[in-house]
Structures are given as structure tokens and as C-alpha cells.
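Accompanying notes for the structure given below.
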Amino acid sequence: MKTLLLTANRGIEFAEKAIIIFSILLMMVNSTANAIGRYAFGQSLFFAEELNQFLIVGVTFVGFAYAVRKGRNIRMTAVYDALSSRTKKVLLTLISLTTGLLLMFLTYKSVIYVQEVKDINRLSPALQFPVYIIYAVIPVGLAMASLQYLIAFLMNVTHEGTYLSLSVQDGDAEDIGV
Amino acid sequence: MNFLSDVVAGELDIYVITFTLVVTMVVLLFLSFPMVVPLAVAALVGLVHFSQIDTGVIIQQIVTGISPNALIAVPMFILAADIMARGHTANNLLGLIEAYFGHRRGGLPITACLSCTLFGSVSGSTQATVVSVGQIMRPKLLAAGYKDSFVMALIINASDIAFLIPPSIGLILYGTLANTSVGELFIAGIGPGIVLAVLFSVYCYVYSLLQGDTIALVERKTGAERIAALKRALLPLGFPALIVGGIYSGAVTPTEAASFSVLYALVVECLIYRELKLNDVLNAALSTGLITAVVFILVGMGQAFSWYISFEQIPQGLLEPLDLEGASDAYILAIIALSFFVGCMFVDSLVVLVILTPIFVPIVESSGLDPVLVGVMVTLQMAIGSATPPFGCDIFTAIAIFNKPYMEVIKGTFPFFVILFVMSALLIFFPGIALMLRDLASL
Amino acid sequence: ETWKFASEEDKNDVQDIFAKTFAETIKEESDGDIKVRIFYYGQLGTENDIVELTARGTVQFVSVGTGHLGSYVPEVQALSVPYVLGSDVDAIREVLTSSETIYNDLSDRFEKVNLKLLTMISEGEMAWGANKEIRSPADFDGQKIRTFTSTIPVETYKAFGATPTPLSWGEVYGALQLKTVDGMVNPIYFIYNAKWHEVQDYLMFPGQQPYVGTVSTNSEWFNGLSADKQAMVHKAIAAAEQAAHDYQLQINKENMDKILAERPDLKVVVLTDEERAVFRDLSSGLHETYYTVVENAYGEEEKSEARARARKILENLVREVKDAS
Ligand code: NA
Ligand code: NA
């Protein structure tokens, strides 16, 4: 069971990384192709902006989940740093639980939002593409982030140490890599 | 639940709302919740408790907040800078700067300051500037003995000069909202932009004098060494040349220039220097995505929060009792500056611009104030706002890119804040700083 | 009670005058019981946002450019097809306020997204801006024209021989100044307000189409109002339409005068009937484009029905404009 969960976790992390890298690189290709087309061939990619907006939505929500996983979310720790390690642990346990629940609530709201956008059949103006398909990444990203915080809560309750996510402890957030 | 009676009566007390939301945000912030939480909870408290509005709007507004096309420049410049910092480009550029300015007092930080001004002005993106110049210059400054708090504060504040020098999205948006000539605003922004760059440079010089014994100066380089450094920097210099030339010649928009700088960095590092492997590029893209995400999720949540403020027309309500009709010009200008300053503390600068400008336009029109001067003042406050805590995109970017805690990033900002404050006062009492160039141009 | 009215435009633009008159009339008619709170450009988000907020009932009234509604009501893009509405001010107004096609066939489609179409207003003829005189498709050759990012406008300027270049409006001023793009299309009053006349040398009047604003309300909410209040809304809409119409004529003229005063060297070109006929002929091919755009918005089993409906809407609209002229 435990190995299964860990494998699933690694799989999700791999998917997150792949989506982020793909989106960022496609954004670059898309923008340069548009400029080259316009400047050299007198042809604009009329969908370039729209595609970039789709990609940025993907990067933001998937990247958010990935950042939580890596303990890289922005916090202001002026007061926190001055606390005793015991208080720190209590506070961080509380924070991981409430943040996880808050994000779960937002996940729920975003599922409803995506459903609404689907129901009114909103199409993007340039590509005439159903917007809800892109927006589906919103609940996915939020759910993954929520899960990370809830796992961190469990880790804080069951283990020694102060956990920001499943594998990252407070103060350990480090640079990332493929 | 005594607020509930107000709600039933249909009249919300905006002071109660403002107080509750500010306290909620500040408390959660200091409890060290992830920054997205204070913003989300404040928005939720407003929507659910005070106004009983469907909270789905939060999701919609996060997406709106991250949708402006100009934001694409941010990840692209981050990626370009990351690739260059991993390869030879950054080092060679720094070698050049060191060869010419490394032996002078304050030479390095002044170069960093001016690079931020130039790069920010051209790219139009303060966050992109924090990343590009910051990523490249910071290691050198640290190696020379400058304190990290000083270096990070310098970078985030010098980047904000970008707002004042054209092309500037802030000035364009203000021009349209306030029906003021964008051309004149562009010219009027240059003076204060230059004065600020000079004031920051003076501070850099003074700082390095005061810290004299901890900062190592390199030995003065010989002519031959300098030429060698210049040669090594030729290819890397193509990067700023490409961006400046590309944008000012009209070949590309600032957003596209950002993507081209990635392409250029890839060509130089992967094909010419052959320094970077595919894996390095993927790592750079991943790190770019992560930094973009942690900043943009806050930009989006900030938009959701300010949507609520705007929906309940709280700024209008708070400003009403100030009675600006018929007040003196300096007073009106000071109030405008203060309002934008306070607004920018809590939400993104451009959002503040959209919310506050329509409120002030009629007041400015009925006063004797020059709308161009007001535009420059407002833009200056927006610039300050990107670097003032608690909500500042440049702060977030610095935290993300340098992987440093919040407090450490903002520790050294106070002297810069004083300079910016002085600059605001100068603008009120010597409007010529902004208007002189404009008046010369229209002769 | 307080009703909320969101507009895509700034203070003192045409849609704002509409909103203000609407608010004043409602206040009068309700003896001050009902207040209408107005929101301007960007205050509640993008054009898409305010449409969705209205469909959801957070906001009660919304006015946006008709093009923006295409994402929700694809049929409405009939009004974006060039040389359908033309430039006869009175005929346009008659059609936009009382067309059978708009208030029966199109209005039905609005109901599908929980919106009730209240009225449409012209905000003035769309002029072409450029740095050269443009009188024929040949003149458009190689010209990069900034358009709204949507199929009909993009295909329109392709058909006319230009290179349509979508750009978000924040980038337009700089792009025109630096000649990244050569021209744009907008009504005069807006060109002046956005200051784009500062960076264009020619303004052309092709008699092609007006910028059309559409005002709608939340359908469910409106149907739940008492008959009195519904009548009040209709009365206020009529008054607001009149005010917006008068203002549109005035502000477009005033701003044209201001443009000429600020840019005495800027040339205004009114295309002759023969020159317009060339572009009008090119536009007929876009009718098929419109049918296809509408068809594509529907699932497999509805496509042919949707296409037929789109054809009926466009053809009837063309006939109505002709009758009104
Ligand atoms: Na700039
Ligand atoms: Na701030």
C-alpha cells in the first residue's frame, strides 16, 4: 500500500514537472514564431495571445501545486522565526491543516466554476476552443496543493519535525531540478 | 454577529469592513500562513460574511489576474536570465563590468542600479528586471562583500524605476483612464526616472563608503585585460542589444522581445558556447515555472481580493469624507499620492490604478492640477508599491528567485523607501522635474 | 435595494452615459427606492467576467461590445460581419432598437445563457487608422492592422488584403508608435480617448460598420421582478438608449474636432461609394465564415440546424437594414 502511494506520488510529481516545462517552452516558441511570422512573412499567429494565456493558467496552477510540494510557497516568517521549536511545530501543524482545508474549499468552488463555463459553452474567441477544457487544470492544481498541505498536516502529527509538505521540512526548501 | 443587522438594513459600514479585512490579513500574515491564505480569507470574509455573494468569483478573478498578455514577459525573462546564469553569458557580462568599474567605490552596485533602470525601462516589467539583473549581478555583489539585504533591496527598488520610463504599461493605462496624452506622460516620466536612478546611485556610493572595510575592491585592470573582457562579453552583449534594439525599432513588442531573449540565450549557450545540455534547459524551464507560479498565484488572489473591495466601492467610501473639492493643489496631489501608496501596499499596482483613477479624475479636472503631473505621481507611487510590504510583486519575485525568507528580502528597503518618499515630495513642490521636459518638447 | 450595472468602458464613454441615464431614470421612477451602482472598465474584471457575473446574478445589468458576447452567444457575431449594418445612422438605430431578428431570433439565444437582451447601441462608425491613405485592397497590402482577437474581424482584414494582428490594447499605443503594427480599427471617440491619434497619420471612413454595445440583464432575476419593476426597467432602457444615441453623435464629432486640433497634419479620408463597393463585395465571402463559426460552436447533432439558423439571422438582418435605409 505504502509503496503504491509513493509510486503514485512520484508519478504525479513527474506529470507536474512535465506540464510546467512543456508550457514554458511552448510559450517561448509561440511568441517568437508570432513575431518572426509578422516581421519576416507578414503573417501573424492570430491565436498567439490566446495560447499564451492558456499556458499561463496551466503554469500557474500546476506550478502552484509543485511549489507547495517543494516547500517554496511565500510566507512571512518574522514572528514564526522567533518562536520556540515546540510552538513552531504546533503553529505549522495548524497552518498546514487550515491551508489544506481552505484550498479544498477553493477546489470545490473551481469545480463548480468550470462546470458553469462548460454549461454556457464558452468558446475562446480566436481558436474557438472550449475554455472549460483549459480551466479544468484549476481544480486539479488546487486539489494537488490541498493534498500536499493535508499530507504535511499528517506528517506533523505523526512525525518529529516541522513539515511544509510530504518531503520538505521547514527551513529545508531548496532549489529544484528535473 | 452584530454586523448582520447592518447587512439586513442594506447599508454596509465600510469602516467595519475595512477594519475587519485589514486585521484579518495582518494577523494571518504574521502567523506565517502562506501569503495566498491572508488574501483568500480576507476576500472570503468580505464575500460571505459582509456581502453574501457567491464565492465562485474568486476563481474567476484569479484567472483574470493572471491573464494580461504583458505578464507573459515575466516567465520569458526569468527563463532567459536563468539560462544565462547557468551558462557563460552572465559571467562574461560581469567580467566586463568588473573590468571597468570593479576598482571604483560603489562601482558594482551603481552598475547594478543602472542596469536595472535600463533593463526595466526597456522590458517594461519590474519582475523581469528583478530576475534578470538580480540573478546575474547578485552573486558578484555578494562576493565583493556587500550585504545581501542591501543587494536585494537595491535590486527590487531600482527595478521599479521601470514604471516611470517609457514604454510603461502604467503610464499607458493611466493615460487612457484619465484621458491624458500618453506621449506627454512618456516624456514627463523620464525626468523623475533619471533623478531616482541618480539618487539611488548616490546612496550606493555612500553605502559603500560607510561599509568601506568589508567591501573588497578588485585591482584596477590594465587596458589589455579590459579589451579581453570586452571581447568575451561581445556575444553576451547581444542580449541587451537585441532587447533594446528590437523594442525601440518596433520589430517586436516587449513581450516578444522577452521570448527572443530566451531564443538568443539558448543559441549562445547551447550552440556557440556548448556550455548547456538539454537537462540544464529543462531545469531552467522548471525553475522558471515554479517562480512564475508562486508569484502569479498571489497576483491572481490579489485580484480576487481587490475585486471585492471594488465591488463594495470601499475606496470611494473611504475617500468621500476627505472633501477634496476646492482644496489646494498640493493637498489634492498629496492625498492622491497617499491613496495610491496605501492601495499599493495591499494589492497589485495596476489593479489599484484601475480602481482609483476613475475616482480621482473628476477631482483633478476641476482643480488646477496638470493631469500629466498627476499621472507621473501616480506611477511613482505604483513603482514604490511594487516594492513595499506586505503585498509587492517584486518582493515575491525576489523571494522566489533568491530562495530567501520574506523578512530578509525587505530588511534593507528602508533607505530606498526614504529616497522614494523624498522623490514624491520633490514632485509635489518641484513639478518641473516631470513637466520641464514635456514643456520643452511641446515648444 | 441596489442594482448593479457593469460596463466595459470608462467614465464618460458612451456606455457610461447609458448606465448613468439608466441609473437616474430608475432612481426617479422608484422614488429613490432603487439605487443603481455603476462599475467601469476593469473594476469588476474583464468583459468576459462581467458577462458571466451577470449570467450568474452577482451583477444585474451588463453592457459590453457585441464582439465580446460571441464567446457565449455565437449568433450575435452577425453584427460583426462587415457591411451588414453599414453607416446610415438612422437605419442602424432603427435596426438595433427594433429589429425582429435581434429581438426574437437572437434574443432566444441569449436566454440559453440566462441573459435577457435589453437593447443595442451604436457607438459610432469604426474608422481605420493607418500611416498611409487606404482606399483599396491594394493599399492594405502589407499593412499590419490591429484587430480584436476573434475570427470574424481577423478574417475581415485578411479578406481586405491586410495582415490582421491581434494585440491586447495596452500594447497598442507603443506598437503603433514604434510601427510594430501599422494601423487599427475603432470608433473616433475611442481613438481620441486612447490617444491613438497621436501615433497615426490617416483616419479612413469606409462606411463598414459601427461599434455596437449590447445591454443585457440576468434573465431569471428579471423574470422574477414585479410587472411594475419590469416596466420601469424598459422605460429606463429606452431613456438611456436615447441619451447614449445623442451622446454618441456629439462625442464622436467633438473628439474628431479635438483630433484635428491636436493633429492638424492628420488626414481624414472618406471612401467614395465606388471604393466602398469593392470592400463590400469582398465582405460577402465572410457570410460563410460567420455560418461556420456559429456551426462550430455546436455539437455534431445540432450543427446543420445551427448553420441554417445563422443563415436566417444574417439574411434577415441584411434585409432589415436595407428596408430601414
Ligand atoms: Na518602462
Ligand atoms: Na506593495
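The values are calculated or read from the model by the stated rules, or taken from the named source; none is laboratory data. In this text the structure is predicted, and so the values were computed from the model without any measurement. Because the Cβ atoms are built from the backbone with ideal geometry, glycine has one as well, and the counts that use them run over all protein chains shown. With ligands, DNA and RNA removed, areas are computed over all heavy atoms of the protein, side chains included. Shrake-Rupley method; radii C 1.70, N 1.55, O 1.52, S 1.80 Å.
Only one of these is under 23 Å from B:Met436 (Cα atoms), within 16 Å of ligand 2 (Cβ to nearest atom) and away from every other protein chain (no Cβ under 12 Å): B:Ile384, B:Ile332, B:Ile336. Name it.
The unique qualifying residue is B:Ile384.
List the number of the failed condition for B:Gly46; all other conditions in (1) facing chain A (nearest Cβ under 9 Å); (2) open to solvent by less than 10 Å² (accessible area, probe 1.4 Å); (3) farther than 30 Å from B:Gly145 by Cα; (4) of a type outside the set (Lys, Arg) hold.
(1)
List every residue pair whose Cβ atoms lie under 7 Å apart, where the two residues are 6 or more positions apart in sequence or sit on different chains, the first residue falls within region B:294-307 and is more than 9 Å from every other protein chain (Cβ to nearest Cβ) and of a type in the set (D, E, K, R), and the second residue, located anywhere, is assigned to a helix (DSSP H, G or I) and surrounded by fewer than 24 Cβ atoms within 10 Å (Cβ to Cβ).
none
Considering each residue of region A:71-97, count those that are at pLDDT 90 or above and closer than 28 Å to B:Gln60 by Cβ, and give that number.
Adding up the residues that qualify gives 3.
Report yes if C:Pro137 is in contact (Cβ under 8 Å) with a residue 12 or more places away in the chain, in contact with a helix residue (DSSP H, G or I) (Cβ under 6 Å, 6 or more places away or on another chain) and more than 12 Å from chain B (Cβ to nearest Cβ), otherwise no.
For C:Pro137, the condition - in contact (Cβ under 8 Å) with a residue 12 or more places away in the chain, in contact with a helix residue (DSSP H, G or I) (Cβ under 6 Å, 6 or more places away or on another chain) and more than 12 Å from chain B (Cβ to nearest Cβ) - is not met.
What residue, of B:Ala153, B:Ala144, is within 26 Å of B:Ser287 (Cβ to Cβ) and within 16 Å of ligand 2 (Cβ to nearest atom)?
Of B:Ala153, B:Ala144, the one residue that is within 26 Å of B:Ser287 (Cβ to Cβ) and within 16 Å of ligand 2 (Cβ to nearest atom) is B:Ala153.
Take region B:176-203 and flag every residue that is among the β-branched types (Val, Ile, Thr) and either within 16 Å of ligand 2 (Cβ to nearest atom) or open to solvent by less than 10 Å² (accessible area, probe 1.4 Å) (or both).
B:Thr180, B:Val182
Could you list, in sequence order, all residues of region A:151-178 that are in a helix (DSSP H, G or I), under 21 Å from the mean Cα position of the chain (by Cα) and surrounded by 19 or more Cβ atoms within 10 Å (Cβ to Cβ)?
Matches in region A:151-178: A:Ile151, A:Ala152, A:Phe153, A:Met155.
Name every residue in region A:10-33 that is free of Cβ contacts under 8 Å to residues at least 40 places away in the same chain and open to solvent by 20 Å² or more (accessible area, probe 1.4 Å), in order of residue number.
Scanning region A:10-33 gives A:Arg10, A:Gly11, A:Phe14, A:Ala15, A:Ala18, A:Phe22, A:Leu25, A:Leu26, A:Val29, A:Ala33.
Do any residues in region A:92-116 that are at the interface with another protein chain (Cβ under 8 Å from one of its Cβ atoms) have Cβ atoms under 6 Å from those of residues that are among the aliphatic types (A, V, I, L, M), where the two are at least six apart or on different chains, and which pairs are they?
Note: pairs meeting the criteria are A:Thr99/B:Val37; A:Leu106/A:Leu142; A:Lys109/B:Ile59; A:Ser110/A:Ile138; A:Ser110/A:Leu142; A:Ser110/B:Ile59; A:Tyr113/B:Ile59.
Within region A:39-82, work out how many residues are of a type in the set (Phe, Trp, Tyr), more than 7 Å from every other protein chain (Cβ to nearest Cβ) and assigned to a helix (DSSP H, G or I). Walk me through it before giving the result.
Step one: of region A:39-82, the residues of a type in the set (Phe, Trp, Tyr) are A:39, A:41, A:46-47, A:54, A:61, A:64, A:66, A:80.
From what is left, the residues that are more than 7 Å from every other protein chain (Cβ to nearest Cβ) are A:41, A:47, A:54, A:61.
Checking the rest, the ones that are also assigned to a helix (DSSP H, G or I) come to A:41, A:54, A:61.
The total comes to 3.
Only residues in region B:197-224 that are over 23 Å from B:Met423 (Cα atoms) count as the first member; pair them with residues that are of a type in the set (Ser, Thr, Tyr), Cβ under 7 angstrom, at least 6 apart or cross-chain, and list the lot.
Filtered contacts from region B:197-224: B:Ile215/B:Tyr146; B:Ile215/B:Ser208.
Looking at (1) away from ligand 2 (no atom under 16 Å from the Cβ); (2) away from chain C (no Cβ under 13 Å), which is the one condition that is false for B:Leu171?
Against the list (1) away from ligand 2 (no atom under 16 Å from the Cβ); (2) away from chain C (no Cβ under 13 Å), B:Leu171 comes up short only on (2).
Only one of (1) farther than 21 Å from A:Ser44 by Cα; (2) at the interface with chain A (Cβ under 7 Å from one of its Cβ atoms); (3) of a type in the set (Asp, Glu) fails for B:Glu275. Which number is that?
With (1) farther than 21 Å from A:Ser44 by Cα; (2) at the interface with chain A (Cβ under 7 Å from one of its Cβ atoms); (3) of a type in the set (Asp, Glu) applied to B:Glu275, the lone miss is (2).
Among the residues of region B:55-99 satisfying the criterion of being in contact with a Gly (Cβ under 8 Å, 6 or more places away or on another chain) and of a type outside the set (A, V, I, L, M, F, W, C), which is farthest from the other protein chains (Cβ to nearest Cβ)?
Looking at residues that are in contact with a Gly (Cβ under 8 Å, 6 or more places away or on another chain) and of a type outside the set (A, V, I, L, M, F, W, C), I get B:Gly65.
What helices (runs of 4 or more DSSP H) completely inside region B:71-175 contain at least 2 residues that are more than 30 Å from A:Glu49 (Cβ to Cβ) and open to solvent by 10 Å² or more (accessible area, probe 1.4 Å)? Quick ask: steps written out before the conclusion?
Values: elements: B:73-86, B:89-101, B:107-123, B:126-143, B:148-159.
Result: B:89-101, B:107-123, B:126-143, B:148-159.
Filter region B:387-413 for residues that are more than 14 Å from ligand 2 (Cβ to nearest atom) and touching a residue at least 40 places away in the same chain (Cβ under 8 Å); which is nearest to the other protein chains (Cβ to nearest Cβ)?
B:Ala400
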